[in-house]
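These notes are about the structure you will find just below.
Nothing in this text is a laboratory measurement; each read-out follows from the coordinates by a stated rule. Here the structure is a predicted model, which is why all the values come from computation and not from measurement. Using ideal geometry, Cβ is built from the backbone for each residue, glycine included, and neighbour counts are taken over all protein chains shown.
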Amino acid sequence: MKLIKKQIPFAIVFVFGMLTLVSYYVPHPKSVAFLDTVSQWENIVSSFAFLLGLFSLFYTHYAKIKKKGDGWGYSLFVFVGFLAVVVPAIVSHGRQMSGSEMTPLGWSFRYIYNTLLATMFAVLAFYIVSTAYRSFRIKSVQAMVLFVAALILILGRVPIGEILWGKALGWTGHSLSGLMNWIVDVPSVAGKRGIMIGIAVGAVVTSLKIVFGIERQYLGKD
Amino acid sequence: MSHTWMIAGGWLAAGLTIFIFSFLYKDNPFFKIAEHLYLGAGMGWWFQVYLYSIWIPKVADPLRAHQWAVLVPAVLGVSLVTQFFPKISWVSRYGFTFLMGYGAGLAIPTMLSTNFMSQIYGCIQPFTDVSHMTRLGMLNSLIVAVGTIAVLFYFFFSVENKGAVKKISNIGIYFLMAYFGTTFGNTVMARFSLLYGRFDELYSYSGANYFYATQVLLAGMVAYFLVHGLLAKKKPEGGAAN
Amino acid sequence: MLKKTLELLFNIDRRWLFLLLALSIFIPIVRPLGLPNKNISADVRHVYEKMNSLPPGSFILLSLDYDPSTRPELHPQAMALVRQAFERNLRVGVVTFIPGSTGLIDEVFSTLSKQYNKVYGKDYVIFPYEPNIVAVLTQMASNLYGIYDKDKYGNEAASLPVMKGITNYKDMGLVVDVTGTSSIDIWVQYAGDKYNVPLAAGVTAISQPSYGPYLQTGQLKGLIGGMKGAADYETLLNAPGKGTSGIDALNLAHILVVVLIVFSNLGLFLVKYL
């Protein structure tokens, strides 16, 4: 049983890990064909991972409705929302346009899915304003650097910023966009590049651990 | 779809938008309904996309054409779902180890080349052509190189933060702050852009061609809060508990 | 007295701030300020010039990976790119790696194909959504029909006139990824760096600063960032759209944020020393 439960899965991770790694560097037709096939497989396997999320959402809300727990009525709307997209999709065979006509799925995309998703994210704009007012505190030189960079970017991205800058600080001979580009291209690049290199080292180490079976947390317990 | 459907869609979209924004004033049932619809519709959208772009054309169609090789990834995929059944959840390991092996195997060379080697090269490369550089260009390249090294010091030597190491990693923090500052500045633009998008749509639904959907629904929402507020005031103290 | 007023202002109900923001964005939508967008970013110009340098008939691949959550920033970018491609008679292929984008892709092409009299299958092609970008990018390096054997509508992709002579990255003039995710990292890692594919990108403002290093090394040929980038591109094309009107609407809101940060910090300073 240990063989089926543990050793074969570890063999799978090792074999596929090593073969894909080696294939990256070997331009032989066989390695290319291998990578092609495995890539197509991977595409199919990962699509099933979505079902994990779907089932767990459905199960949570089904349980809530069944138990008539707090606010169970709202849980019904999870299923209403799901059907409001899936039924039109089936009617329209997954197409949003038929010629120049919008199909029921196109309608559902535009007025339901698009609206809900876009508005949920748009709400965050309001919290930026209250954060700016209440939590953006310049208490150290480091915070000052952050503030100055942010200030120049916020102003530099809109036309009115350049106009105001020209009136107040035009005499310095430096344009706001010039300053903004310098911050984005020089100190900010250094900061981000340091982060990138740091992450790359971390990712390579973690990947090696996975391939060699040292990192096993993703498998869960026995 | 007919004109009537478009108008109905406008009303629905304006309503859902206003319901979600109403949370900014106070939590309320309309927001909760929209929130739950969002969860369901989001999953529904993903489901139909997977259905029509993977499961039918890449799994069902090949199987119907007797291309049995597709059974391998399909079975590995289905194995993931055994996660929900504790007794056989170990079966899902076959799917997960395949995904992890493939992902890790590809991540190693690409991370090394793109985010490690190329970035080090990016720091050094400007200095290979010094004769063509302006003084300012040279200074900027030097700042980038020094800044990158300082940030790395901050990350890798954070345990032993003493003496010269501490000084260098402190310089690193300033570069990180500059990066976070630019990110914050740009986040403001990004978030406001999204809000602009919603308001722009609400504005288009406020026209006579949509029978003033935005105004009517907004007025309805305000009326709800007014009535709700009045009723809450009228209730005797402790009434809420009963 | 001043101290008390300031303290009162600090504890103001945040809903007043929300209202201020709502007004500062809504008013310019109804009554545009009409301020000119003058400072075109060099990174945006590079994308525009690269597209313009391609001979007519060249094939460009657009990876449109954004959904409604980032639509106001990225949709105008995609529209501007397709507009330019159609104007210059380039052939356009579209791929996508996030499910939420398929509806928006249809919107782009149903609007612009009519405007420029472009025919599906001859001038442009849309491929179906694929979940795993890494797998697809790796596969497309050798033979893209291995993964995209059919287009979105089930036609044999290789038989479409638009795909004539196109097998892999080598046959493409440019790849542009318009994305609200981190897919551009993957494009750089798995296609750009490894197979020398000329790559450019359109990204949200939030992720724009992350790509500075790629621009400096030339791993990216150009970058369109956020609403401002979209407005810049529309200005270059001389075709004002949602990017231009959007950036106009953001003027007041940006000033509002700066005023709030400065005011609250000055106020705090005063409260401390009064």
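Observations on the model:
- Structure-based [θ]222 nm, chain B - -39500 (n - 2.57) summed over DSSP H runs of at least 4, per residue, nearest 500: -23500 deg cm²/dmol
- The Cα trace of region A:91-141 gives Rg and Dmax of 20.0, 61 Å, the first to one decimal, the second as a whole number.
- The helix-based estimate of mean residue ellipticity at 222 nm for chain A, built from -39,500 (n - 2.57) per DSSP H run of four or more residues and divided by its residue count, is -24500 deg cm²/dmol to the nearest 500.
- Normalised by 2.2 N^0.38 Å, where N counts its residues, the alpha-carbon radius of gyration of chain B equals 1.64.
- Loop-located trypsin sites (Lys or Arg not before Pro) across region B:1-99 with a Cβ neighbour count of 13 or fewer within 10 Å are B:LYS26, with loop assigned by DSSP.
- B:ALA164-A:ILE214 FRET efficiency (beta carbon distance; Förster radius 35 Å; 0.05 resolution): 0.55
- Taking every DSSP bridge with both residues inside the protein assembly as shown, close to 10 percent are antiparallel.
- Of the trypsin sites (Lys or Arg not before Pro) in region A:33-71, the ones in a loop by DSSP (not H, G, I, E or B) with at most 13 other beta carbons within 10 Å are A:LYS68.
- Peptide B:133-140 has a mean of 1 when you count, residue by residue, the C-beta atoms of other protein chains within 10 Å of its C-beta.
- Inter-label distance for C:VAL259 and B:VAL146, nm, one decimal - labels placed 7 Å from Cα along Cα-to-Cβ: 4.0 nm
- Ranking of A:VAL148, C:VAL178, B:VAL151, A:VAL204 by neighbouring Cβ atoms within 10 Å, starting from the fewest: A:VAL148, A:VAL204, B:VAL151, C:VAL178.
- The per residue volume of the convex hull around the alpha-carbon atoms of region B:86-182 is 173 Å³.
- Fraction of alpha-carbon pairs over 19 Å apart in region C:93-213 - percent: 50 percent
- Region C:43-249: relative contact order in percent, alpha carbon pairs under 8 Å with at least 6 residues between: 27 percent
- Mean partner shielding of peptide B:206-218, defined as the number of other chain Cβ atoms within 10 Å of each residue Cβ, is 0.
- Across chain C, Cα-Cα pairs farther apart than 31 Å form 34% of the total.
- Global geometry of chain A, whether rounded, prolate or oblate, following the gyration tensor of its Cα atoms and the 1.5 cut on a/c: oblate
- In this rough spin-label picture, where each label sits 7 Å from Cα along the Cβ direction, the B:ALA65-A:LEU3 distance is 3.8 nm.
- Take each residue in B:70-83, count the other chain C-beta atoms within 10 Å of its C-beta, and the mean is 5.
- Centre-to-centre, using Cα atoms only, region A:1-67 and region A:104-174 are separated by 40 Å.
- A crude spin-label estimate for the pair C:ASN89 and C:ASN143, with each label 7 Å from Cα along the Cβ direction, gives 3.2 nm.
- Fraction of C-alpha pairs exceeding 16 angstrom in region A:127-185: 52 percent, rounded to a whole number.
- Gyration tensor (alpha-carbon) shape descriptor, region A:1-50, a/c threshold 1.5: oblate
- Charge dipole magnitude, Cβ of K and R +1, D and E -1 - the protein assembly as shown, Cα centre, debye nearest 20: 1720 debye
- Eigenvalues of the alpha-carbon gyration tensor of the protein assembly as shown, scaled by 5 and square-rooted, set the equivalent ellipsoid semi-axes at 39, 35, 29 angstrom, largest first.
- Region A:163-222: projected area of the alpha-carbon convex hull, averaged over directions, in nm²: 7.0 nm²
- Pairs with C-alpha atoms separated by more than 26 Å, drawn from the list C:LYS164/C:LYS194; C:LYS38/C:LYS122; A:LYS6/C:LYS194, are C:LYS38/C:LYS122; A:LYS6/C:LYS194.
- Under 23 Å from the Cα of A:LYS64 - lysines, other chains or at least 8 residues apart: B:LYS32
- Taking other C-beta atoms within 10 Å as the exposure proxy, B:ASP27, C:ASP65 rank B:ASP27, C:ASP65 from fewest upward.
- If a spin label sat at a point 7 angstrom from the Cα of C:LYS3 along the line to its beta carbon, no backbone N atom of region A:136-164 would be nearer than 14 Å.
- Among C:SER101, B:ALA69, B:PRO86 the positive-end extreme of the charge dipole of the protein assembly as shown (Cβ point charges): B:PRO86
- Three-way shape call for region B:133-209 based on the alpha-carbon gyration tensor, with the a/c threshold at 1.5: oblate
- Projecting the Cα atoms of C:LEU61, B:ILE149, C:PRO36 onto the dipole axis of the protein assembly as shown, where Lys and Arg carry +1 and Asp and Glu carry -1 at the beta carbon, places B:ILE149 farthest toward the positive end.
- Listed residue pairs exceeding 19 Å between alpha carbons, taken from A:LYS30/C:LYS152; B:LYS58/C:LYS150; C:LYS3/C:LYS272: A:LYS30/C:LYS152
- Sparse-neighbourhood loop sites, chymotrypsin sites (Phe, Trp or Tyr not before Pro) in region C:207-274 - DSSP loop, at most 12 other Cβ within 10 angstrom: none
- Computed Rg/Rh of region A:72-189, alpha carbon atoms with Kirkwood Rh: 1.24
- Listed by Cβ neighbour count within 10 Å, with the fewest neighbours leading, A:TRP165, A:TRP171, C:TRP187 appear as A:TRP171, A:TRP165, C:TRP187.
- Candidates B:SER204, B:SER131, B:SER113: whichever shows maximal mean-square fluctuation once chain B is modelled as a Gaussian network with Cα springs under 10 Å: B:SER131
- If only the Cβ of Lys and Arg carry +1 and only the Cβ of Asp and Glu carry -1, the dipole of chain C around its Cα centre is close to 660 debye.
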